[in-house]
Amino acid sequence: MARGGASRRPSWRGAVGAASAVLALAGLGGCLSSARSGGSSAGTAAHRWPWPDPVGVADSVRTTVISPAVRLHEVVWTEAPWRGAVLEVDLAGCVTLRAVKGHATAVGRSTTSALLDGLAPDLSPLAAVNADFFSFTPPGVPTGAHVEDGRVLAGPGTRPVFAIDSAGRAFIGTLSASGEVTDGRSRVPIVAWNRWPATGAAVLDRSWGVPLDSVTEPEALALVPAAGAGRYRVVARGGRRVPLGDTVLLVVPADTVRGSASIPFAIGASVRLVRSLGTPAPREAVGGFPVLLASGRMPAALATAGAASFRGVNPRTAVGLDASGRRLWLAVLDGRRDGWSVGTTLEETARVLQALGATEAINLDGGGSSALVVREPATGMARVVTRPSDPGGERAVGNALAVLGSCAVR
């Protein structure tokens, strides 16, 4: 359970003040230090930081230049007490964002440090934060979508995402799977991709990776790639177990297709499969919940999002964007550590991002999962710059959102 009493909550004194007691952070600056050892101050001459140091009300802010397009702010607010770290990114600079799973399928967990360390050196990995909520059974499957370098490991559900489209533009919104399987006469519409549907048909491919018994049921169909773009051959219907491998599984609940047979395709049939996640198509995506800011304001539903304990004081990880879509913040706010940092509520987290300049923001997984990791230039190893709340230290998570110092990803 989150800890921290009301008597220890700071009062909001910034320009975006609120009537209730909330965390104050109208910006980062005031106490900004020069780049410390480990930061790359040499790059600042080649890439002039496009924004002046904002005036802040935090008790202290220590800033490190990570790259010409990335700065790390380590912030202390002693009254709460509250501590956190904010990675500020100029998306117009030589930088790329990448969703990182660390596994070939949607299954599996790794620490954020391991996920950053696992990226190829030629991608110039700079930093990462933990990303989406995840399941423990099967382990590490993200609650929302995970799209990595255009590959869909976990498809969208009902929750929003932070995503990068094929043109490199960042956005916060929702995705939905669509498409169809057809043999030219009959068609089955698709409502989910690498996500088990509440109703309707889903395509589950080898990237899903979750063990399935569904092919032994009448409402399942197994397909393998055939010659031609989007062409597949039906190799099995329900009642025969088929390994995932290169197989695509089409699951169709019995009530979605008219007639006595729930699947209109016979074994050996040639079918065409079309599927997409909508427009703009995401190149990278990680899920989160809830949206903290939309068009500069907190959504009305924020006050009732999730359980009271979830909305209350907790460690937090969040992503914010400014109105131009150029300026990005990855914020990790420590919590559940008496005398160090008590954490923030959902509304306080939204106000932090709002005060930094964000007009769009989304909450990622928090609690013991919250961690911001930076790669040390001297050693090349990942260093956790926040203080995770789990007694054992950094938690293995479902996925991460990484910042790469490369202008184009391969």
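Only counting other Cβ atoms within 10 Å, I'd like Asp117, Asp149 sorted with the fewest neighbours first. Walk me through the numbers before you get to the answer.
Values: Asp117 17, Asp149 11.
So the residues, fewest neighbours to most, are Asp149, Asp117.
How would the stretch 303-352 be classified by its alpha-carbon gyration tensor: rounded, prolate or oblate, with rounded meaning a/c under 1.5 and the a/b versus b/c comparison settling the rest?
On the way: a/c = 3.24, a/b = 1.52, b/c = 2.14.
The shape class here is oblate.
Compare the peptides 302-314, 123-135, 72-84, 196-208 by average per-residue count of other Cβ atoms within 10 angstrom and give them in order, highest first. Write out the running numbers ahead of the final one.
Values: 302-314: 15.1, 123-135: 24.8, 72-84: 21.1, 196-208: 19.5.
Descending packing order for the listed peptides: 123-135, 72-84, 196-208, 302-314.
Return the equivalent ellipsoid semi-axes of the stretch 285-327 as a descending list in whole Å, where each equals the square root of 5 times an eigenvalue of the C-alpha gyration tensor. Write out the running numbers ahead of the final one.
Values: eigenvalues 91, 33, 17 Å².
Equivalent ellipsoid semi-axes, largest first: 21, 13, 9 Å.
Among 281-292, 95-106, how do they line up by average Cβ neighbours within 10 Å per residue, starting with the highest?
Working: 281-292: 24.8, 95-106: 22.2.
Those peptides, ordered most packed to least, come out 281-292, 95-106.
Note the full-extension length gain between Arg185 and Ala104 as 0.36 nm times their separation in residues minus their Cα-Cα distance, in nm to one decimal. Please list the in-between numbers first.
Working: separation 81, 0.36 × 81 = 29.16 nm, distance 3.54 nm.
Length gained, Arg185 through Ala104: 25.6 nm.
For the stretch 253-410, restrict the atom set to alpha-carbon positions and state the Rg and Dmax in Å.
Taking only Cα atoms of the stretch 253-410, I get Rg and Dmax of 20.9, 67 Å.
Can you put Thr317, Thr359, Thr112, Thr345 in order of Cβ neighbours within 10 angstrom, beginning with the fewest? Could the numbers behind the result be given before it?
Working: Thr317 30, Thr359 19, Thr112 33, Thr345 22.
Ascending number of Cβ neighbours within 10 Å: Thr359, Thr345, Thr317, Thr112.
Read-outs: derived from the displayed coordinates by stated rules, not from any lab. Note that this is a predicted model, so its numbers are computed, not measured. Backbone-built Cβ (ideal geometry, glycine too); neighbour counts: all protein chains shown.
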